[in-house]
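Everything below concerns the one structure shown next.
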Amino acid sequence: MNILLTGGAGYIGSHTAVALSQAGYELVLLDNFCNSNPSVLERLQKILGKPLHCVEGDVRDTSLVTKTLREYKIDAVIHFAGLKAVGESVEKPIEYYTNNVQGTISLLEAMELVGVKKLVFSSSATVYGNPQYLPVDEAHPTGATNAYGRSKLHIEEMLKDVANSNSAWKIICLRYFNPVGAHESGLIGEDPGDIPGNLMPYIALVASGKLPSLNVFGNDYPTPDGTGVRDYIHVMDLAEGHLAALEYLSGYSGWDAINLGVGLGISVLDLVSAYKKISGRKIPFEILERRQGDIGECWAKVDMAYERLQWRAKRSIELSCQDSWRYICSNGLRKNI
Ligand code: NAD
Ligand code: UD1
C-alpha cells in the first residue's frame, strides 16, 4: 500500500515514517520544510537502510498534491502538515488558518480529484479545551481557546461533513496528547528550533547545560504536587498508533475521532525527577506564575483506541526520557541556541 505523509519530515511524521516503512508500506513524504530540516531524510535512510521518496512543496499547492497522488498511486494519506505553536497562532491567526485549514481543503480537493478517500488526520487533545472531567474521553465537549486549537476543530468538523457526503470516505482524526521522546537510534527526534515551549525539550536543554534552569509554570494547581499534569506519550507509540489506524481504515467507512495517549497523568515535577535520574544531570528549576491559557490537568481515556484500533501505548516515561536524552547527546539541538 502506498501512503502519502504530508509534513512527513516533521517530528511525528518522521517517526511514523519509520513505523510504517518497517511494516512494509511504501511511503512518499511531502514537506515544505518550514519547520523541519531536509537532513531528516538522510537520517531516515540510515534507520531504514533505504531511501524514501520525498516531494518538496506546500500542501496548499493543490496541483502538486494532485500530481503526487497520481504519480505515486497513493492509497491513503496521513496529514501531519501544519503549524502547531499555540502562542504564535494567537499572534498570527491568518497564517494558522491558511496553513492548517486551507492546507487541508487543498489536500481534500486533490484527494477527491484523484479518488483517494482514506485519510488519517493529526488532531490534538487541545480540541477538548479546559477538561470538564478526567480522564477525557472522545465524547467530552470540544472547544478552543486559541487559533491553533480552533484550526484543529474547524478541520475536524470539515472532515465530518466530507465523510457524511459520501460513504466512500474513510477518515480518522487522531487526537494526540503530549508526544515526547525520540527514536531509539538517536538519529531523529524533536528539534524545536528556538527556546522550546513544550516541557520535555526544555528540560532536555537544561539537563544538557544549554539553558540555566527550568521555569515551572505554577505550583498551585489542584494536583498532587501543585504542578500541571499531562499525558506524555512516547512518539514511537504514537507512530504505531498511525499504523493501527491505517489498518483499521481498510474495513471501515465514515468519520471517527480517537484519543492517542497513555491514560496516565504525570506532573511537571514527576517529569523533572524522571529526566534527572535518566540523564544523571542536575535540573535546576524555579517556580513561576501559571502560564497564561494553561490548564491544570489533562489525560486521556484510551479505551476507544484499544477497542477500535487494537492499539495501546506500551513505552514508559523513563524510556521517553532515555530516548530524548540519547537524541540530545548525539545531536544537541541544531538551531538557534
Ligand atoms: P512538526 O512541525 O515537527 O511537523 C510538521 C511538518 O509539516 C514540518 O515538517 C513542516 O515543515 C511541515 N509543514 C507545515 N506546513 C506545511 C505546508 N503548508 N506544506 C507542507 N509542509 C508543511 O510538528 P509535529 O509535532 O510533527 O506535528 C505534526 C502534526 O501533529 C501537526 O499537525 C500538529 O498540529 C499535530 N499535533 C502535534 C502535537 C505535538 O505536541 N507535537 C500535539 C498534537 C497535535
Ligand atoms: C501544549 C499546547 C497544546 C499542544 C500540546 C502538545 C499550549 C497552551 N498548549 O500543551 O496546544 O497540543 O502542547 O504539544 O501551549 N511547563 C512548564 N515549563 C515549561 C514548559 C511547560 O512548567 O517551560 C508545564 C506547563 O505549564 C504544563 C506542562 O509543563 O503544565 C506541559 O506543557 P507543554 O509541554 O507546553 O504542553 P501542554 O501545556 O499540554
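Since every read-out is calculated from the coordinates, none of them should be taken as a lab result. All of these numbers come straight from a predicted model, not from anything done at the bench. A quick note on method: Cβ atoms are made from the backbone with ideal geometry, for glycine too, and the neighbour counts reach across all protein chains shown.
Calculate the spin-label point distance for GLU91 paired with HIS53, positioning each point 7 Å from the Cα along the beta-carbon direction, and give it in nanometres. So the two model labels end up 3.9 nm from each other.
A straight Cα-to-Cα reach below 17 Å connects LYS84 with the aspartates and glutamates ASP31, ASP58, GLU95, GLU156, GLU190, ASP191, ASP194, ASP294, residues fewer than 8 places away in its own chain not being considered. Candidates ILE171, LEU159, ALA244 compared by Cα position along the dipole of region 134-253: farthest toward the positive end lies LEU159, with charges placed on Cβ.
Which percent, nearest 5, of DSSP beta bridges in the chain are antiparallel?
On the way: 2 of 41 bridges.
Antiparallel bridges make up about 5 percent of those DSSP assigns within the chain.
Taking the chain as the reference, fit the longest principal axis to its C-alpha atoms, fit the long axis of helix 62-71 to the helix C-alpha atoms, and give the angle between the two in degrees, 0 to 90, nearest 10. For 62-71 against the chain, the angle is about 70 degrees. Excluding same-chain neighbours fewer than eight residues apart, the lysines reachable from LYS67 by a Cα-Cα span under 23 Å are LYS117, LYS118, LYS170. Each residue, ASP194 and ASP303, gets one label point 7 Å from its Cα in the Cβ direction; the gap between the two is 4.3 nm. Highest mobility in the GNM of the chain, judged by mean-square fluctuation with C-alpha springs under 10 Å and restricted to SER89, SER122, SER273, is found for SER273. Selection among ALA76, ILE94, ALA23 by position relative to the dipole of the chain gives ALA23 as farthest towards the positive end (Cβ unit charges, Cα centre).
Fully extending the segment from ARG312 to SER167 would add 49.4 nm, taking 0.36 nm per residue of separation and subtracting the current Cα-Cα distance. Protection proxy ranking, highest mean first, for peptides 42-52, 292-302, 13-23: 13-23, 292-302, 42-52, where packing is the per-residue count of other beta-carbon atoms within 10 Å, averaged.
At R0 = 45 Å, how high is the FRET efficiency between MET1 and ASN130 if r is their beta carbon distance? Nearest 0.05 is fine. Provide the component values of the computation, followed by the final result.
On the way: r = 39 Å, r/R0 = 0.87.
So, using R0 = 45 Å, E works out to roughly 0.70.
Report the Cα centroid-to-centroid distance between region 20-43 and region 216-262 in angstrom, as an integer. Between the Cα centres of region 20-43 and region 216-262 lies a distance of 22 Å.
Which one, PRO131, PRO212, PRO201, has the greatest fluctuation when you compute a Gaussian network model over the chain with C-alpha springs under 10 angstrom? Fluctuation is largest for PRO212. In degrees from 0 to 90, rounded to the nearest 10, what is the angle of the helix 235-250 Cα long axis to the longest principal axis of the chain? Computed tilt is about 30 degrees.
What FRET efficiency comes out for SER213 versus SER330 if R0 is 22 angstrom and r is the Cβ-Cβ distance? Round to the nearest 0.05. Don't jump to the answer; show the numbers that get you there.
Numbers: r = 24 Å, r/R0 = 1.09.
The calculated FRET efficiency here is 0.40.
Could you work out how far the C-alpha centroid of region 263-295 sits from that of region 122-200, in angstrom? Cα centres, region 263-295 to region 122-200: 22 Å. Comparing ARG70, ARG312, ARG150 in a Gaussian network model of the chain (Cα springs below 10 Å), the most mobile by mean-square fluctuation is ARG70.
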